[in-house]
Amino acid sequence: MIDAHTHCFPPEISDNAVQWANTYNEPHWLSLVDPKDKQSLQGWATKEAMIQTMDSAHVSQSIQLGWYWEHKATCLKQNELMKEWMDFAPMRYLAFASIYPNEDPIHQLDLARSMGFKGVGELHPTIQNYEENKTHWFAMAEWCEANKWPINFHVSEGLNVKYPNFTPTPFDIYLDITKAFPNLKIILSHWGGGIPFFELNPRLKPLLKNVYYDTAASPLLYDITVFRNVINLVGSEKIIFGSDYPLRVYPKKQTTPDMQTFIDDIQSNAGLSKKESDQIFKQNIENLLNL
Ligand SMILES: [Zn+2]
């Protein structure tokens, strides 16, 4: 199995979250992960602990995603730290780069490719100011389309009870990008926040043909029937398993983050066929990355 949505926060970040956020001026991230906040669902893992977690859950490879930092310097620094994880276990860790699209994105992308990254993300168009910097975002998308690199975007639910620091991500942004770059492969996180429903619209469906949906943080957002329902909407070939590890997605059951609890829940309760399970846990992401 491949877990296509995990986050890489090496000890340089996780052990000093407040200092990291202050040094790089990243208040939004700190507001989500603040270790002093007992409500925070964020867990942490070292590169060794994560491999153990993967082993016990029979996950052969994980895709480390970067974060949607508000500054280029933070992205560059996190990518350096992520590269150390890739070098530590090259057969187990793949990674998508943190990119700050608003400043010199092509240079960042060329650098990330030379370091061994395989895609871009997770990006957040609102936190990272898409509307003011469309030209740069389009330059990034053009590079990714030409180089067959997928982009993973965070998507917030269109309708939400507004948890603390909830930041909406207007759906039209993603449609803008798919219209301009029809061959760009896009992974919309968190079941695309409800976008799969719009694939029932025959005018929208063709525009979403290269859009995939990941399952990151699903247990915090939807009940397990979301799997069958989204398969019915878009097909199992467009769904990609991701846990959002080391987020604690079962806060009542998990004291330390793991992948096993979510995988068990899917395998016991989502009612997937063998074929659907193979696609969602492995084949779809392999095809996307030509693994
Ligand atoms: Zn996300």
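The values are calculated or read from the model by the stated rules, or taken from the named source; none is laboratory data. The shown structure was predicted, so the numbers you read here are calculated from the model rather than taken from an experiment. Here the Cβ positions follow ideal geometry from the backbone for every residue, glycine too, while neighbour counts run over all protein chains shown.
Just to verify a result, which residue in the range 146-170, among those that are at pLDDT 95 or above and farther than 21 Å from Asp223 by Cα, is farthest from the ligand (Cβ to nearest atom)?
Ala146
If only one of Gln78, Gln64, Gln108 is more than 13 Å from the ligand (Cβ to nearest atom), assigned to a strand (DSSP E or B) and either under 16 Å from the mean Cα position of the chain (by Cα) or of a type outside the set (Val, Ile, Thr) (or both), which one is it?
Exactly one residue qualifies, and that residue is Gln64.
Among residues belonging to the range 177-205 that are basic (Lys, Arg) and more than 22 Å from the chain's Cα centre (by Cα), point out the one that is nearest to Phe227 (Cα to Cα).
My answer is Lys205.
On the given criteria, is Lys185 in contact (Cβ under 8 Å) with a residue 60 or more places away in the chain and more than 14 Å from the ligand (Cβ to nearest atom)? First the steps, then the outcome.
Working: in contact (Cβ under 8 Å) with a residue 60 or more places away in the chain: yes; more than 14 Å from the ligand (Cβ to nearest atom): yes.
So Lys185 fits the description; yes.
Restricting to the range 146-175, and then to whatever is part of a helix (DSSP H, G or I) and free of Cβ contacts under 8 Å to residues at least 12 places away in the same chain, can you tell me which residue is nearest to Ile63 (Cα to Cα)?
Across the range 146-175, the extreme among qualifying residues is Ala146.
Taking the condition of being away from the ligand (no atom under 12 Å from the Cβ), in contact (Cβ under 8 Å) with a residue 12 or more places away in the chain, part of a helix (DSSP H, G or I) and surrounded by fewer than 19 Cβ atoms within 10 Å (Cβ to Cβ), how many residues in the range 199-225 meet it?
2
With respect to Asn165, determine if the residue is in contact with a Lys or Arg (Cβ under 9 Å, 6 or more places away or on another chain) and surrounded by fewer than 18 Cβ atoms within 10 Å (Cβ to Cβ).
Here the answer is no, as Asn165 does not meet what is asked.
Listed residues Phe117, Phe88, Phe96, Phe138; which is without any contact (Cβ under 8 Å) to a residue 60 or more places away in the chain, over 22 Å from Ser31 (Cα atoms) and within 16 Å of the ligand (Cβ to nearest atom)? Working first, answer last.
Numbers: Phe117 fails: within 16 Å of the ligand (Cβ to nearest atom); Phe88 fails: within 16 Å of the ligand (Cβ to nearest atom); Phe138 fails: within 16 Å of the ligand (Cβ to nearest atom).
Phe96 is the lone residue from the list that is without any contact (Cβ under 8 Å) to a residue 60 or more places away in the chain, over 22 Å from Ser31 (Cα atoms) and within 16 Å of the ligand (Cβ to nearest atom).
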